[in-house]
1. Keeping to segment 1-17, report how many residues are within 21 Å of Lys85 (Cα to Cα) and charged (D, E, K, R).
2. Find the residue count for segment 25-54, including only residues that are assigned to a loop (DSSP other than H, G, I, E, B) and either within 16 Å of the ligand (Cβ to nearest atom) or not small (Gly, Ala, Ser) (or both).
3. Return the residues of segment 117-158 that are more than 16 Å from the ligand (Cβ to nearest atom), among the basic types (Lys, Arg) and buried (at least 16 other Cβ atoms within 10 Å of the Cβ); say none if nothing qualifies.
4. I'm trying to understand the selection: among the residues of segment 1-24, which are among the hydrophobic types (A, V, I, L, M, F, W, C) and either modelled with pLDDT of 95 or more or part of a strand (DSSP E or B) (or both)?
5. Any idea which residue in segment 64-79 is nearest to Val15 (Cα to Cα), counting only those that are buried (at least 17 other Cβ atoms within 10 Å of the Cβ) and in contact with a helix residue (DSSP H, G or I) (Cβ under 9 Å, 6 or more places away or on another chain)?
6. When you scan segment 92-116, how many residues do you find that are part of a helix (DSSP H, G or I) and within 16 Å of the ligand (Cβ to nearest atom)?
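The values are calculated or read from the model by the stated rules, or taken from the named source; none is laboratory data. Because the structure is a prediction, the values reported are computed rather than measured. Every residue, glycine among them, receives a Cβ derived from its backbone with ideal geometry; neighbour counts consider all protein chains shown.
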Amino acid sequence: MASHTFELNGEQITVEAEDDVRLLWVLRDLLGVTGPKYGCGLGVRQACTSHINGKAFNPCSVPVSKITPDDEITTIEGLPATVGKDLHPMQEAWLDPDVAQCDYCQPGQILAAVAKVRQATADGREIEDRDLHEIRNICRCGTYTRIREATKTGAKNM
Ligand code: FES
């Protein structure tokens, strides 16, 4: 067992875990952070999508030993605090069109959308359909049309 230190949702934390345990299980089972969902464990369904240093990643695919003390991990639980509000604008945007159906994939969908908008902004442009096509998070309820509508709305308010 080894100690692993990193920033999680704005707080520096240290957790004891074997080096090869995937971060998703450290978050969910050891730290009780259950926003990132288990979909496939292979980075395919992407239900666990979270942020590392502001970019989307899949914690199911990363051993905890690869996370360094300087790394900032953000899950849906910590997303509102990144803008100092009760809800992030992308979460607000999800409410009106009533995006979620079963909701299982939605934390990951929202975090993927936020990361995509940030990437477009960093490139000096607005989010476009080609960006939305690149989001590969699977929704077995098929809410893709509402996800895209909400992502465009959320992008305007970010
Ligand atoms: S809302 Fe059910 S899997 Fe996406």
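1. The qualifying residues number 2.
2. 17
3. Listed by number, the residues that qualify are Arg118, Lys152.
4. Ala2, Phe6, Leu8, Ile13, Val15, Ala17, Val21, Leu23, Leu24
5. The qualifying residue nearest to Val15 (Cα to Cα) is Val64.
6. 11
To keep it simple, each residue is scored yes or no on (1) surrounded by fewer than 20 Cβ atoms within 10 Å (Cβ to Cβ); (2) farther than 21 Å from Asp19 by Cα.
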| position | (1), (2) |
| --- | --- |
| Val44 | yes, yes |
| His51 | no, no |
| Val83 | yes, yes |
| His88 | no, yes |
| Gln91 | no, yes |
